Each structure stands twice: as C-alpha cells, then as structure tokens.
Amino acid sequence: MTTEPRRFLVTATPPTTNGDLHVGHLSGPYLGADVFSRAQRMAGHTALYASGGDDHQTYVVTTAQRLGVDPVELAARCNDEITGTLELADVAIDAFTRPDDAYREEIREFFAELYRAGRLVPRTWTFPYCAETGRYLLEAFATGFCPECLAGTCGAICENCGHPNDAGSLLFPESTGAGEGSAKEPREVEILVLPLEEYRERFTEFYRRRRSTMRPHVLRFVDEMLSRPLPDFPVSYPADWGIPVGIEGFEGQVINVWAEMLPGLRHMAEAARAHRTPETPAGVWDKGSGFELVQFLGYDNTFYFSFVHLGLAFAHGGLIEPTAIVTNEFYHLDGAKFSTSRRHLIWARDLVGKYGPDNVRFHLALGNPEHQPADFTEAGFLETVRTRLHEPLRRITAELAAYTGRPVAAAPGTEALLDRYRDRMRRAYTLETFSMRLAAETTANLLVLLAARASDDPGLATAGLRVLATQASPLVPGLASTIEDRYTDAAPGCVPDLSDLIAVTL
C-alpha cells in the first residue's frame, strides 16, 4: 500500500535556558519529536524538526539570582549545554536557535502588526507590586496556590492541572526572592491582551475537527476551558526581562514570553527549512504551505499551545494551525517531578554519557509518560535495558554465531510474521496513533521472540534482526545502523558477524 507523501513541521517546546536538559525533559518533547521525525522520513515523508532556547523566561532571572550569575551569561551557557546534550542523545534536530537581534525585531513586528490590525486590545490590569524586589508579581516572580486545583504553583500557569492564573486569581501570592510576608501593593497597569473569548466559536469548531489527532488529556483540558468564559491573555506585562513591546504607550513592558513563542517557533521553523530542505520556499508556517504542524510539549504547557498560540494564529489569519498537539505527562524521579529549580533531577548528559544514547532512548520510549505520569529510577532503567534489550540480543547473536558467513533459509511464514511487526510499528509511527511506547514494546517483544526461536529457526532470527534494524531505527538509531552495516558487509544471504552489537555494557 502506498500513501501520498506528507510534509510535517515538527516542534518541541523551546526549553528554558536556566539549566541543561534533565532526564524528564529528554523523555518528553525532545525525544518524542525526534522519533516522530525520523519515522516520517523513513516512511518517505518530509519532516522539519525545530526548537530553540527560551531565553526570555523569568525563570532565567530567578535562577541566575540564586546562582549569583548574570542572566544573559546563564542563558548563553545553557543554550550551549542543551545543544550538546541533544547531540549526545542522538536527537537529530534540524534547527536549535537562540534569540538574536533579528529574532527580537521579528517578534516585535509580529505583535505590532496584530496591534495595528486591532487584534490586540488595551486592558487595565492590576498587578501586586513588591517594593523589596522592585518587581511586579508575575510568572516566576510570584508563588502561591492554583485557583483551579489548589496546588502550590508559580504565576501564569499551574504545572499540576495546566490551568492559567494571573495576579488577580493566584491564591495567596508571594514575591519570589523577597522576605517572608514582604509588603505588596496593587498597581494598575494598562497592558495589551488577546481576548480569547472572541474566538470561542473558532476554538470549538477547531477541536471538533481535530479530535482524532489530539491526546485525551488535551481534549479534556479544552472542554474544561470552554465550559466557562475564556480569559483575556496578557500579551505584554511590566517587566525588564524579555523583548520590549516597542509600541507607544506601553513603555516599560515586555512581550509575554509565551506569546513570543508562537512567532519564535515560526522563526525556528525557517531555520530548520534552510538547513534540511533549502530548496523549499520560505514560509513553511504560512497558510497554504502544505505543511502539517505537529507540536510536542509537556502537558503543563497545554493552555499556551491549545488556546494562546491557536488564538494568535486566528488573529493573524495567515498561519497554519496545528494538525496535532502531542503531549506527555510528567516523568517523576523517585516519586517526585523532575525539577531544575529544585535541583531534583538527573542530568540527561550524565545518564547518556554513562550508558549510551540507544540504551537511554530505548528505556525512555518503553516507559514513556504518554498518558499518565511515570517514574524513573536508575535501578529500574538498568533492569529494563538489561532484560528487554541486551539479554535477548546477546542470546540471538550467540545462537547465530555458529552460522556466521553461511547462508540460512527462512522457514515458511517468516515474512508473514515479520509483516505483523512492520504493521504494528507503522501504526506506532503514524501521526494519528503515534506512540513511542508501542514502538518500543513491540520491538522488545520481537527481540524476545527471536531469542526464543534462534536455535531452532536461525533464518527467522537473522531475517528478524534485519527488519528490526530498519523499523526500530527511529528509536535506537545507533544500534540499528550497526546492525544494518553488518548485513551490508556480509555476503548476500549469509549471516553477518553480529558480535559486540552493544557498545555499552551495563
């Protein structure tokens, strides 16, 4: 069966540059987008994979303050660390950009156009102001309790339930970095907002059409948000860290970093196009480009992508809208959420450097928190990779060692059996049913089957390994490439030398 080639524009949420990537980060959007992109190219489709440093988050400021470093220097260092970690983990991203003057001017002009078109409107907003820190309480500068689920949270969004908050709705707000019970005073500021409620009918219709490509938790969140009036979203706010608005009357304000992210991702996508398919005309994010937008993100960012970015696309009128929003739930470390700010983490580069990218990718795919939280422990990682990857591979290669250089015949039914594996992997990689867990689980099951049958049916084992090398290459590209190279070097129809397939011993 042949399918018409598709063109995918794949994004992973730009990581905050207040630290390197930890294992929780890697298990989420960055690995997911990489596996999806590799799988689409394997199937003959086009996939551009883009992300970049999220330098303008206020968490960069609070982390720099805690570490006693300059926030600009911190962001620059973390951009270098993140790109190095992605490379170490064999994440083949087409563009990972960082903000520069051209980027900032592009962002300002995007919002200036919306303002001139009347899509952004002024609103008087009341912010608590902390004289001790000299900051308005917003984003990372504020802590309190979520008005929706009552969990402790910072300003703007609740990481637990994903619902937005603001200075007026955050319960018992306190100023980050100030003394306990520090004095706060309410101050009124005229800011720019995107009135999301004006697009209610378009949101409703969009999610009616796109239900098959949205994960269940996203749809549940959308239904919750649409059950009440949608909030105005602050596109600007009073702060000195970020991109200045540059619109008369809004001096001393910067563009909300989560609003910035939409045109920011468009900028990153153009860099990915120039890198991978320079022959493709510019404007891959423009309506009519023929690209399908597939966005990978943690569930806690759902509000921004499902409402704010989509609302900005509605307001602009000339941008593609997401075909799919692929979320992941939280990956926990010893029962608690990975957290850079709380230093509760395992750095991804440390784990990958110690055990190799394929082992880490295999485990993170197999236990991926696609629909519910998952827990990581190093002991569990070692046990899973040893029993579900290394041991069956070693048993297969040991049984086939006696046949090295000799031809072996496949028994009747071998191709039909391997077609079942191909079909299941195709389902795992297809956009509408994408699942790293399914791909890894199916591959692990095939390895166990081949190991169990290798002594009695070496033809199945040798044919199965070669099919696995193709189908599992988006998951474990290094291992897959090694197996494929061994088969390429062997005489046609003969068993290759399969010794020492696994480079890292656990």
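Since every read-out is calculated from the coordinates, none of them should be taken as a lab result. Predicted model, so just to flag it, every value in this text is computed and none were measured. Every residue, glycine among them, receives a Cβ derived from its backbone with ideal geometry; neighbour counts consider all protein chains shown.
Applying a 4.7 Å Cβ-Cβ cutoff to the chain, the cysteines left without a disulfide-compatible partner are Cys78, Cys130, Cys154, Cys494. Length available on full extension from Asp419 to Arg211: 0.36 nm per residue minus the Cα-Cα distance, which gives 71.9 nm. Across q = 0.26, 0.28 Å⁻¹, the range 352-394 modelled as identical point scatterers on its alpha-carbon atoms has Debye log10 I(q)/I(0) values of -0.97, -1.07, in the order of the q list. When the alpha-carbon atoms of the range 209-284 are used, the pair Rg, Dmax equals 17.6, 46 angstrom. Positive end of the dipole of the range 7-337 (Cβ unit charges, origin at the Cα centre): among Phe8, Ala142, Ala178, the Cα lying farthest that way belongs to Phe8. Ellipsoid fit via the Cα gyration tensor, the range 160-294: semi-axes of 32, 23, 15 Å, each the root of five times an eigenvalue, largest first. Ellipsoid fit via the Cα gyration tensor, the range 377-489: semi-axes of 23, 18, 13 Å, each the root of five times an eigenvalue, largest first.
Shape summary: the chain maps onto an equivalent ellipsoid whose semi-axes, from the alpha-carbon gyration tensor, are 46, 24, 20 Å in decreasing order.
If R0 equals 30 Å, the separation of the Cβ atoms of Arg394 and Arg7 corresponds to a calculated FRET efficiency of about 0.15.
The alpha carbon centroids of the range 161-240 and the range 253-288 are separated by 24 Å. Relative contact order of the range 323-440: 30 percent, from C-alpha pairs under 8 Å at least 6 residues apart in sequence. The range 369-442 gives an Rg/Rh value of 1.08, both radii derived from C-alpha positions and Rh following Kirkwood.
Look at the dipole of the chain built from charges on Cβ: of Thr482, Ala451, Thr433, the Cα furthest out on the positive end belongs to Ala451. Of the residues Ala33, Tyr199, Phe111, the one whose Cα sits farthest toward the positive end of the charge dipole of the chain, with +1 on the Cβ of Lys and Arg and -1 on the Cβ of Asp and Glu, is Ala33. Using a simple spin-label model with pseudo-atoms 7 Å out from Cα toward Cβ, Asp334 and Glu188 lie 5.1 nm apart. Taking the three principal axes of the alpha carbon atoms in the range 285-415, the coordinate ranges are 67, 43, 25 Å, sorted in descending order. Suppose we keep just the DSSP beta bridges with both residues in the chain; what percent of those would be antiparallel, to 5? Expressed as a percentage, antiparallel bridges in the chain total about 55. No solvent, one uniform scatterer per C-alpha: report log10 I(q)/I(0) for the range 34-175 via the Debye equation at q = 0.11, 0.15 1/Å, two decimals. For the range 34-175, the Cα-only Debye profile gives -0.65, -1.08. Simple spin-label estimate for His371 and Gln65 gives 4.2 nm between the two label positions (7 Å along the Cα-to-Cβ direction from each Cα).
Using only side-chain charges placed at the Cβ, +1 for Lys and Arg and -1 for Asp and Glu, the dipole size of the chain relative to its Cα centre rounds to 1480 debye.
Here the contact order of the chain, divided by its residue count and restricted to Cα pairs under 8 Å and six or more residues apart, works out to 17 percent. With helices as the sole contributors, the chain gives -12500 deg cm²/dmol at 222 nm; each DSSP H run of n ≥ 4 counts as -39500 (n - 2.57), and the sum is divided by every residue. Principal axis extents of the C-alpha atoms in the range 148-234 (largest first, rounded to whole Å): 49, 29, 18.
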